Amino acid sequence: MNKNVLITGSAKGIGKAIALRFAAEGYNVILNTRRSEDRLKETLSEIKALSPSSTAFTADVSDYKEAEALFTFAKEVCGGVDILVNNAGISYVGLFNTMEPSQWQELMTVNVNSMLNCTHLALPRMIHNKGGCIINISSMWGISGASCEAIYSASKGAVNAFTKALGRELAPSGILVNAIACGAIDTDMNNFMSPEEKADFSEEIPLGRFGRPEEVADLALYLARDNSYMTGQILSLDGGMM
């Protein structure tokens, strides 16, 4: 029986690339977005061409009740979630002292609570099955911190700490928990930079370029399919930056 993988924030960018990679390998994919419904429909059409049993559900997973509705849907349509990829997230670039409390509260809610909600809801089935895989999409700035991205860095630092702690907690249950700390990946999230700024930043990356979403997807597939002994780890995928 094919395993079911739920990827939050998967209408575009890294989430979409991960969904396409899993679908190409025969997994049943459950797509999710909170806002980008038109793009979600387009992505689902691409996914179904690879994995016809795949489906999609719109929910703001930073809200526990909406996340709960997503997991209820997953149970009804395919039996539940075997692999969870916590990808939903937002960013903010700017000085901390010019931020409004509502801005940092939203960023922490989306980046941290979404992960907590979905993980909490995924665990009963995984614990019962004595196995499962949770992959958290993090950032190199959660390791080192970034100027003008203090709250984003803090949120990803929380993702990393949670990954390490939960990996230890769930290991006796056979559940693997890891995070991918992405560097500069060529997605919409980095479109705040001009072409010139991207070129300058690329010069700071030892490999000399931005990463591709497909490279994140390849690592996520490895963690879900081929890994059997690594858990509680933060894997840097940053072209040698950290």
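The values are calculated or read from the model by the stated rules, or taken from the named source; none is laboratory data. The shown structure was predicted, so the numbers you read here are calculated from the model rather than taken from an experiment. Please note: Cβ atoms are built from the backbone with ideal geometry, for glycine as well, and neighbour counts cover all protein chains shown. SASA here: full protein model, heavy atoms, side chains in, ligands and nucleic acids out. Shrake-Rupley method; radii C 1.70, N 1.55, O 1.52, S 1.80 Å.
Miscellaneous remarks
- Straight-line reach from Lys12: taking Cα to Cα under 13 Å and skipping same-chain neighbours fewer than 8 places apart, the aspartates and glutamates in range are Glu37, Asp38, Glu42, Glu46, Asp186, Asp188, Glu214.
- Highest average first, the peptides 180-193, 127-140 ordered by how many other beta carbon atoms sit within 10 Å of their residues are 127-140, 180-193.
- For Gly15, the shell of other residues with beta-carbons less than 12 Å away shows a net charge of +4, using +1 for Lys and Arg and -1 for Asp and Glu.
- Whole-Hz ³J(HN,Hα) from phi, Karplus 6.51 cos²θ - 1.76 cosθ + 1.60, for the range 156-166, glycine and proline x: 6, x, 5, 4, 5, 5, 4, 4, 5, 5, 6
- Calculated accessible area for the chain comes out at 47 Å² per residue, all protein chains present (probe 1.4 Å; ligands, DNA, RNA ignored).
- Gaussian network model of the chain, springs between alpha carbon atoms under 10 Å - residue of Leu170, Leu207, Leu223 with greatest fluctuation: Leu207
- Residue among Phe162, Phe73, Phe96 with the largest mean-square fluctuation in a Gaussian network model of the chain, springs linking Cα atoms under 10 Å: Phe96
- Candidates Ile180, Ala220, Val77 compared by Cα position along the dipole of the chain: farthest toward the positive end lies Val77, with charges placed on Cβ.
- Remark: the chain carries a charge dipole of roughly 860 debye about the Cα centre, counting +1 on each Lys and Arg Cβ and -1 on each Asp and Glu Cβ.
- Packing, as the average of other Cβ atoms within 10 Å across residues, places the peptides 55-61, 147-153, 2-8 in the order 2-8, 55-61, 147-153, highest first.
- Across Pro52, Pro101, Pro206, mean-square fluctuation computed from a Gaussian network of the chain (C-alpha pairs under 10 Å connected) peaks at Pro101.
- Fully extended contour minus Cα-Cα distance, from Phe96 to Met108, at 0.36 nm per residue: 3.0 nm
- Between 0 and 90 degrees, the angle of helix 114-129 with respect to the longest Cα principal axis of the chain falls at about 30 degrees.
- Considering helices alone, the calculated mean residue ellipticity of the chain at 222 nm is -14000 deg cm²/dmol, with DSSP H runs of length four and up weighted by -39500 (n - 2.57) and normalised per residue.
- Straight-distance candidates among the aspartates and glutamates for linking to Lys65, with alpha-carbon spacing under 15 Å and chain neighbours fewer than 8 residues away dropped, are absent.
- Using C-alpha pairs under 8 Å with a sequence gap of at least 6, the mean separation divided by the residue count of the range 80-157 gives a relative contact order of 46 percent.
- Surface share of carbon and sulfur [accessible, 1.4 angstrom probe, percent] for the chain: 52 percent
- Lysines with Cα under 17 Å of Lys164, excluding same-chain neighbours fewer than 8 positions away: Lys156
- Local charge for Lys41 was computed over the other residues whose Cβ lies under 14 Å away, with Lys and Arg +1 and Asp and Glu -1, and equals +1.
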